[in-house]
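The values are calculated or read from the model by the stated rules, or taken from the named source; none is laboratory data. Note that the structure is predicted; figures quoted are calculated from it, not measured. Virtual Cβ from ideal backbone geometry, glycine too; neighbours counted across all protein chains shown.
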Amino acid sequence: MKTNPKFRISALAALMLALSACALISPPPPSEHLHLERVSFSALPGWHDDRGFAAALAAFRRSCVKAVPDFGDAAAWRRACDAAQKTRETNYSARAYFKRWFMPYAASGNDGAEGLFTGYYVPELRGSPRRGGVYQTPLYAPPLDMIAVDLGAFKKDLKGQHIVGKLAGRELVPYDARAKIAEGSLKKRARPLVWVSSPIDAFFLEVQGSGRIRLPDGSIMPLGYDTSNGRAYVSIGHLMLENGDLQRPVTMGSIRVWLAAHPHEAQQVMDANPSYVFFRRLPNADIIGAQGVALTPGHSLAVDPSFVPLGAPLWLDTTDASGRPLRRLMVAQDTGGAIKGPVRGDVFWGAGRAAAREAGAMQNSGRYYLLLPKGVTPP
């Protein structure tokens, strides 16, 4: 998801601030690695049973138009993308295309091939362009005083790492955490895009990253992730489990029920997650992922881009919310604050009640196989 700095500082000041703030960044643990082992297509569970190859091909085409994955030989990716544009969108043709142009690699982390796979969806909230009545919770555009620094621009070994903060005199300090923002710290520093009727709904909209706001006149305002306050995401579900507030399995639904039943404690619990998301108004109802392309329900996957390149196809082998096998071709097109690690994914289920049920209850172990164009050697 793109960072959108709203404040310019001099090159010298940026360098000084970035280097002085490096201590705030915890680099990825050196033990975390993605291991890839070449396998055959016959080793992919359910490869010959899936009927969704055409939808996956359409999703992959959109990624190709945006940019080829930054993983290995760019020319090989471009050849595969060019061939994708010429392939018919039928299940048979799409399956044959991926088998002809790609090789599968079994993915694993240092802890093995199994990882956690969850789901997300597009929520719909009630809101108003003006504050009043039940509409008391703001959803903000990025603050004017927020500064985003790409540390890789100043030090090569910090490539891909960013910090977000604000100026306190001549010092760059971390940006406001959720608790402070909930107390109203952004007054006159950030513009509310809309006011919604529930702080709990607003919290889960941030977790999902995008959604739709139904206004009093019945019209829909689509919102998408713009940037965040740079604070590390903390799962309140894990904390509630440790505190004995919830029992396993902890799902989005069980967290919602507890927060709604404990209105006087809900804000304090949500504040335990210091990460805060800022939104932008979308031009249409399409949900745009971190790669900048419209997501495809059931075939777009949020990944950790430190390990999996955005735009890459992969074969997912897990189970859905009902425990049934979920084996299908996906495309890595999104990211998320909670999606960290070499074997971790979040399935996009789309919009509506069925998508909400599927996403809210999905929390299962699984594995995946990364598909790389023939000729690409895993780095």
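Is there a residue in the stretch 100-122 that is buried (at least 16 other Cβ atoms within 10 Å of the Cβ), at pLDDT 95 or above, in the same structural domain as residue 359 (by TED's automatic domain parsing) and part of a helix (DSSP H, G or I)? Checked the stretch 100-122: at least one residue is buried (at least 16 other Cβ atoms within 10 Å of the Cβ), at pLDDT 95 or above, in the same structural domain as residue 359 (by TED's automatic domain parsing) and part of a helix (DSSP H, G or I).
Take the residues in the stretch 196-233 that are among the polar types (S, T, N, Q) and touching a residue at least 24 places away in the same chain (Cβ under 8 Å), then tell me which one is surrounded by the most Cβ atoms within 10 Å (Cβ to Cβ). Once the filter is applied, the top-ranked residue is 210. If I ask for residues that are of a type in the set (A, V, I, L, M, F, W, C), crowded, with 22+ Cβ neighbours inside 10 Å and under 30 Å from residue 253 (Cβ atoms), which ones from the stretch 357-379 would you list? The answer is 359, 362.
Taken together, the criteria exclude residue 216 from residues that are under 18 Å from residue 275 (Cα atoms) and not small (Gly, Ala, Ser).
In the stretch 320-343, the qualifying residues are those that are modelled with pLDDT under 95 and of a type in the set (S, T, N, Q), and the one that is nearest to the chain's Cα centre (by Cα) is 335. Scanning the stretch 310-341 for residues that are basic (Lys, Arg) and in a loop (DSSP other than H, G, I, E, B), we see that the one that is surrounded by the fewest Cβ atoms within 10 Å (Cβ to Cβ) is 324.
Against the definition (part of a loop (DSSP other than H, G, I, E, B) and out of contact with any Pro (no Cβ under 8 Å at 6 or more places or on another chain)), how does residue 130 come out, yes or no? Considered against the rule, which asks whether it is part of a loop (DSSP other than H, G, I, E, B) and out of contact with any Pro (no Cβ under 8 Å at 6 or more places or on another chain), residue 130 comes out as yes.
For residue 307, state whether it is in a strand (DSSP E or B) and either hydrophobic (A, V, I, L, M, F, W, C) or crowded, with 22+ Cβ neighbours inside 10 Å (or both). No.
The selection criterion, being charged (D, E, K, R) and more than 27 Å from the chain's Cα centre (by Cα), holds for residue 100.
Please work out if residue 138 is assigned to a loop (DSSP other than H, G, I, E, B) and under 28 Å from residue 351 (Cβ atoms). Answer is no for this residue. Could you list all residues from the stretch 204-225 that are in a strand (DSSP E or B), over 19 Å from residue 260 (Cβ atoms) and not charged (D, E, K, R)? Listed by number, the residues that qualify are 210, 213, 220, 221, 222, 223, 224, 225. Select from the stretch 148-173 the residues that are basic (Lys, Arg) and at pLDDT 90 or above and list them in ascending order. Across the stretch 148-173, the qualifying residues are 166, 170. Across the stretch 62-82, the number of residues qualifying as surrounded by 17 or more Cβ atoms within 10 Å (Cβ to Cβ) and more than 20 Å from the chain's Cα centre (by Cα) comes to 5. What pairs can you find where one residue is in the stretch 280-292 and in contact (Cβ under 8 Å) with a residue 40 or more places away in the chain, the other is of a type in the set (Lys, Arg), and their Cβ atoms are less than 8 Å apart, with a gap of 6+ or different chains? Short answer, once both residue conditions are applied: 285/212; 290/2; 291/66; 292/2; 292/66. From the list 36, 144, 125, 57, the lone residue that is closer than 30 Å to residue 356 by Cα and either part of a loop (DSSP other than H, G, I, E, B) or at pLDDT 95 or above (or both) is 57. Of the residues making up the stretch 267-286, one or more are of a type in the set (S, T, N, Q), touching a strand residue (DSSP E or B) at 6+ places or on another chain (Cβ under 7 Å) and under 29 Å from residue 58 (Cα atoms). For the stretch 283-304, the tally of residues that are buried (at least 18 other Cβ atoms within 10 Å of the Cβ) and at negative phi stands at 15. Of the residues making up the stretch 241-255, those that are without any contact (Cβ under 8 Å) to a residue 60 or more places away in the chain and assigned to a helix (DSSP H, G or I) number 4.
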